[in-house]
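A quick write-up on the structure given underneath.
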Amino acid sequence: MSKLEVQDQQLLATQDQDHLWHAMSRHVEGGNPTIAESGEGAWFTDVDGNRYLDGVSGLWCLNLGHGRKEIVDAAAQQMMKLSYFPLTLSHIPAIQLSAKISDLLGDTYKTFFSNSGSEANETAFKIARQYHIQNGNPGKYKIISRYRAYHGSTLGALSATAQANRRIKYDPGVPGFLHVPPPYSYRCPFGEEVTDCDKVAADMIDQVINWEGAESVAAVIMEPFISGGGVIVPSDQYLQRVAEICKKHDVLLIIDEVVSGFGRTGKMFGFMHSDGVQPDIVTMAKGLTSGYLPLGATAVKAHIFEKFKEKGNDKHLRHVSTYGGHPASCAVALKNIEIIEKENIVGRVADLDESILGRLRDLIQHPHVGEVRHKGFLYGIELVKDKQSKEPASDEMMAKVIGLCKEKGLIIGRNGDTVPGFNNVLIVAPPLSSTEADLNFLVETVVNTFEQLN
Ligand SMILES: Cc1ncc(COP(=O)(O)O)c(C=O)c1O
């Protein structure tokens, strides 16, 4: 890739400083941000001509990597044919995509499209509350989520997000959101002596529903594996237990597949690791289009939609999104899913995790690694000062690992600014289409970096 002229680079850096507001970032006067210019597969090149392997798939979304011509063509062709159309009426790619999603989820679902994961979750909360009213239980409005979980940046989704650092100066949140402890065996919230932390964490949801009164609880929302909050991976039985509890109390189970959907964990959807679980509502974004265009989706089981069919002026979902389900985004999603199936991306993730990426688990030998948690191409490496005390590693140590990897051409992430004092989990989540050479480079770079860390 061409390296930009020095004066162009300087102009871009100045304009970036003066005009562009970066997400989740402190303003650093005279800072030197990474400005990307182009990408190919799992790699991108910055304006200085440096190449990096993107070990976190952008924001965990670039599942098929950069530069898939078929996806770009699908968007362009759709835009030429029908540039925009609202879903107050209907259009072909949205119909086809909704049918495909239902097929992939393994039951009959009706899908409402939006533009992002946050909006997909907002939509789910509104549907859950309205459903219970129209199902004869108007008192059921509370939504339960878990500490450490992230569900989005808009106020409803942020209210479900139980990460204190993300809420500073934006609270109070929306009323009716409650939080319960996560199934986090490494630092079990119920005490170190607890032997089955996952079971106790699931039973706590039962307990909280009883304490609150089941007649007041509308839904539980959870990711199959907490991703941004530190990659917390319970046993497959945890979700089965939660699903049983929800069913017992007529509480809807909303599964947030924004990160784990479309192959990330080695199954098409993360909930599919737990046999017999069929969520009432599934929310999706990110990997739905591999990040090529924005799209969010809220898929709702048919029996819930039944309640929105009833006659009356206020029985339908009074919710709209101008761009939600944009024809080009839906066409991109259809092509993305077609490639995932054609290239057996899901099976590939499971295989390459086993044969290559899984070597990251050996990092557990390192004195500063407390735990390596993973599911498919989703890795969390929890750093500690020492294994005995489990005291979280310092920000400096976290920054050092990330900085050394970057010097060697690898971008990895962390659960930054989530839970006070516990932002000590490194995150590795490469594109699902990464080549074997990419994955070998990733593992070797991380392992070499840890060798430099003492
Ligand atoms: C689990 C989860 N849910 C929802 C969201 C929100 O998605 P978006 O940024 O597209 O609004 C995210 C974003 O990182 C996420 O990780």
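The values are calculated or read from the model by the stated rules, or taken from the named source; none is laboratory data. These numbers come from a predicted model, not from an experiment. Counting neighbours? That spans all protein chains shown, and the Cβs are built from the backbone with ideal geometry, glycine included.
(1) in contact (Cβ under 8 Å) with a residue 60 or more places away in the chain; (2) more than 17 Å from G296 (Cα to Cα): which one isn't true of K110, the others all being true? K110 satisfies every listed condition except (2). Within the range 348-397, the set of residues being more than 23 Å from the chain's Cα centre (by Cα) and assigned to a helix (DSSP H, G or I) comprises S355, R359, D362, L363, I364, Q365, D395, E396, M397. Restricting attention to the range 91-107, the residues being on the phi < 0 side of the Ramachandran plot, touching a residue at least 12 places away in the same chain (Cβ under 8 Å) and within 23 Å of the chain's Cα centre (by Cα) number 9.
All of P189, P182, P93 fail the test of being over 22 Å from V282 (Cβ atoms) and at pLDDT 95 or above, apart from P189. Per the listing A219, A201, the residue uniquely away from the ligand (no atom under 16 Å from the Cβ), modelled with pLDDT of 95 or more, aliphatic (A, V, I, L, M) and buried (at least 24 other Cβ atoms within 10 Å of the Cβ) is A201. Within the span defined as the range 281-294, one or more residues are buried (at least 24 other Cβ atoms within 10 Å of the Cβ) and over 23 Å from K335 (Cα atoms). All told, T298 meets the bar of being crowded, with 20+ Cβ neighbours inside 10 Å, farther than 14 Å from S433 by Cα and of a type in the set (S, T, N, Q).
The residues of the range 90-126 that are surrounded by fewer than 19 Cβ atoms within 10 Å (Cβ to Cβ) and within 16 Å of the ligand (Cβ to nearest atom) amount to a single one, K126. Scanning the range 239-289 for residues that are within 13 Å of the ligand (Cβ to nearest atom) and touching a Cys at 6+ places or on another chain (Cβ under 7 Å), we see that the one that is nearest to L104 (Cα to Cα) is G287.
Residues of the range 189-213 being of a type in the set (A, V, I, L, M), closer than 18 Å to S235 by Cα and within 26 Å of the chain's Cα centre (by Cα), which ones? Those that are of a type in the set (A, V, I, L, M), closer than 18 Å to S235 by Cα and within 26 Å of the chain's Cα centre (by Cα): V200, A201, A202, M204, I205.
Search the range 127-166 for residues being β-branched (V, I, T) and more than 16 Å from the chain's Cα centre (by Cα), and hand back the single one that is nearest to the ligand (Cβ to nearest atom). In this case the residue turns out to be I143.
Residues of the range 216-240 that are in a helix (DSSP H, G or I) and either among the polar types (S, T, N, Q) or without any contact (Cβ under 8 Å) to a residue 40 or more places away in the chain (or both): S216, D236, Q237, L239, Q240. Taken over the range 331-345, the criterion of being among the β-branched types (V, I, T) and crowded, with 21+ Cβ neighbours inside 10 Å is satisfied by V332, I337, I340, I345. Taking I402 as the residue in question, decide whether it is under 21 Å from the mean Cα position of the chain (by Cα), surrounded by 14 or more Cβ atoms within 10 Å (Cβ to Cβ) and assigned to a helix (DSSP H, G or I). It is true that I402 is under 21 Å from the mean Cα position of the chain (by Cα), surrounded by 14 or more Cβ atoms within 10 Å (Cβ to Cβ) and assigned to a helix (DSSP H, G or I).
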